[in-house]
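Undergrad: Before anything else, here's the structure in question.
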Amino acid sequence: MRINSRSRFNKTLILIIFAMAGCGCMTAASQSGRTPDRIILNLTENPAVSQAVTWRTDDDVKDSQAQIMLATDYLDTDNNVSTLDAETEPVSVDDVKTAYYHSVVFKDLKPNTLYAYRVGSKDIWSEWNQFKTASDAAAPLKFVYFGDPQVELESKCSRVFRMSYKKAPDAAFWFFVGDTVNNGEYDNEWGEFFSALGWAPRVTPFILTPGNHEYKKRPGAPSLQANKPINLEQKGLSRLWRPQFTLPQNGPAGLEESAYYLDYQDVRIVMLNGTEKIEEQAKWLKKVLSKNPQRWTIVGIHQPFYSTGEDRDNPYNRSLFIKIFDKYAVDLVLQGHDHTYGRTYKLLNGVKQPDDKPGTVYTVSVSGPKQYDPNKRFESLMAKMGTKKQLFQVITIGKDTLRYESFTATGELFDSFTLKK
Ligand SMILES: [Fe+2]
Ligand SMILES: [Fe+2]
């Protein structure tokens, strides 16, 4: 989302637009530099009454807007449409050109209601897309969780995204736990990600947290020095992260849109950023979970607490967070990073618990084709492990049950379990 505001008006440009619109030579299909692309819905803190959308253009669109209306069988777009001005942020892309990111948060929406929206400007609009707001009370929920896509996004991740859409077309949102791309500084990789997704993010809101691959050396930055602390000027969260998403900003200072929480119906979802400011997040998480009225609690983080990747372990993160998850009865921790699959039994303080006792289930998954050999360090805690599989997970939550199903890229069930309250 936009970080700094600006206000501009260019009469010359308007005249040119009117002239071109008059000759009928500018349409959404014309692929002008003003054409909206990379359109993505993101959940807000209050998904029952608001919805964020972000898109980008190659050209500097000064009259960027979004329109919204109740979705009906016949869209009467001559009436009933609300128009909102977008916020716009220019971003230097690959140190070569500037891209323009636009965002709007639709507010004061009705819960559990289907809306139609489009983005663009007076001369070039996207198609009308639809989204549904969350219910404002407990209600059944389905969403899809993906481990790292990271590489071969177009070539080999597309089929996973498409199979997940076929398997769960009614998912309320898609949930990504980082390493979305291989180098978060490279615009072409994000372009490939959006291309692989097709229109899915235009109709299904996304929530994402960054992985270490969204923290890569910036083009032109001084080289990193071995054994020296990371200088975030050299290697910070990708400059493309915040402009291209519009995520909640209710996390610790400095981690806006990368660590945050939201309540979707009766589920509290907390996204942690496992790459920086870990101690601050542990303190913040205690506060977020100590005042949690929701029936279910799910945490997303990139780096796993019980690593399944070869030669990997994160004992410091484990020492900070496990006791918090135990104390506040987190149901499920969804992770990535290790390019394998692993799902623990219910654990309490790192010890396996019977199914009918309290405990937290930790899962690692991977949606992309980069795969590692499994680490057996925590094998005794794992109910299921695997590798050489591109996977996605459909999670279905009812009043008293949480059903988790992991599917392969070919749509076969690979792992499943049910949590009961
Ligand atoms: Fe990673
Ligand atoms: Fe990764």
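Undergrad: Along the positive direction of the dipole of region 141-420 (beta-carbon charges: Lys, Arg +1; Asp, Glu -1; about the Cα centre), which of Thr408, Pro149, Met271 reaches farthest?
TA: Positive-end residue among those listed: Met271.
Undergrad: Tell me, what % of the accessible area of the chain is carbon and sulfur with a 1.4 angstrom probe?
TA: Roughly 49 percent of what the probe reaches on the chain is carbon or sulfur.
Undergrad: Oh, and also: Counting DSSP beta bridges in region 141-420, what percent are antiparallel, to the nearest 5?
TA: 65
Undergrad: Can you list the residues of region 283-311 with backbone N under 18 Å from a point 7 Å past the Cα of Asp373, pointing along Cα to Cβ?
TA: Of the residues in region 283-311, 307-311 have backbone N under 18 Å from the label point off Asp373.
Undergrad: A further question on this structure: How much accessible area per residue does the chain have, in Å², with a 1.4 Å probe?
TA: Spelled out: the 1.4 Å probe surface of the chain, per residue, equals 42 Å².
Undergrad: Report the charge-dipole magnitude of the chain in Debye, nearest 20, computed about the Cα centre from +1 at each Lys and Arg Cβ and -1 at each Asp and Glu Cβ.
TA: That gives a dipole near 1000 debye.
Undergrad: P(r) of region 29-132 in 5 Å steps, Cα pairs, percent per bin?
TA: It works out to 2, 13, 24, 23, 18, 12, 6, 2, 1, 0, in whole percents.
Undergrad: Looking at the chain from every direction and averaging, what is the projected area of its Cα convex hull in nm²?
TA: Averaged projected area of the chain's Cα convex hull equals 20.9 nm².
Undergrad: Given H placed 1.01 Å from N in the peptide plane, which residues other than close sequence neighbours of Asp373 have an amide H under 5 Å from its amide H?
TA: Residues meeting the criterion, in which the H sits 1.01 Å from N, are Glu310.
Undergrad: Could you work out how far apart the two model spin labels at Leu114 and Lys142 are, taking each label as a point 7 Å from the Cα in the direction of the beta carbon, and quote it in nm?
TA: Distance between label points: 1.5 nm.
Undergrad: Still on this model: Quick one: what are the phi-derived ³J(HN,Hα) couplings along region 404-411, Karplus 6.51/-1.76/1.60 with θ = phi - 60°, whole Hz, x for glycine and proline?
TA: 10, 10, 9, 10, 7, 4, 8, x
Undergrad: Then there is this: Report the full-extension gain for the segment Asp37 to Arg159: residue separation times 0.36 nm, less the Cα-Cα distance, to one decimal in nm.
TA: Stretched fully, the Asp37-Arg159 segment lengthens by 41.8 nm.
Undergrad: Here's something else I'd like to know. Given bins 10 angstrom wide, list per bin the percent of all Cα-Cα distances in region 342-386, short to long.
TA: 27, 48, 20, 4
The values are calculated or read from the model by the stated rules, or taken from the named source; none is laboratory data. Being a predicted model, the structure only gives us computed values, none of them experimental. Methodologically, a virtual Cβ is constructed for each residue, glycine included, from the backbone with ideal geometry; neighbour enumeration extends over all protein chains shown. Just so you know, the surface numbers come from the protein's heavy atoms only, side chains and all, with ligands and any DNA or RNA stripped out. Shrake-Rupley method; radii C 1.70, N 1.55, O 1.52, S 1.80 Å.
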